[in-house]
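The values are calculated or read from the model by the stated rules, or taken from the named source; none is laboratory data. On a predicted model such as this, the values are computed, not experimentally measured, just so you know. Cβ placement follows ideal geometry from the backbone for every residue including glycine, while neighbour counts extend to all protein chains displayed.
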């Protein structure tokens, strides 16, 4: 029997919920602004970027570390999916 690998969104959601729990937030909608609701701060953003790079074997360039790419769980999933579909240069 093979183990199922969690989806990108599930892995991102788990990470976000872990960071949000430290701030007293228990529920985060997939399209909710993580920056506006205070679910992530600069330290948790750094951990998230390191997690994404390690988990999905990708490199996030400095110019990609913009709020638009990390605004919500949905945006992070889209960003990671797009990075994974890009051919390596």
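Here are a few things to note about the model shown:
- Region 53-76, residues that are within 16 Å of residue 35 (Cα to Cα) and within 11 Å of the chain's Cα centre (by Cα): 69, 70, 71, 72, 73, 74, 75, 76
- With respect to (1) at pLDDT below 95; (2) closer than 19 Å to residue 16 by Cα; (3) not in a loop (DSSP other than H, G, I, E, B), the lone exception for residue 84 is condition (2).
- Taken together, the residues in region 33-70 that are crowded, with 18+ Cβ neighbours inside 10 Å and assigned to a loop (DSSP other than H, G, I, E, B) amount to 5.
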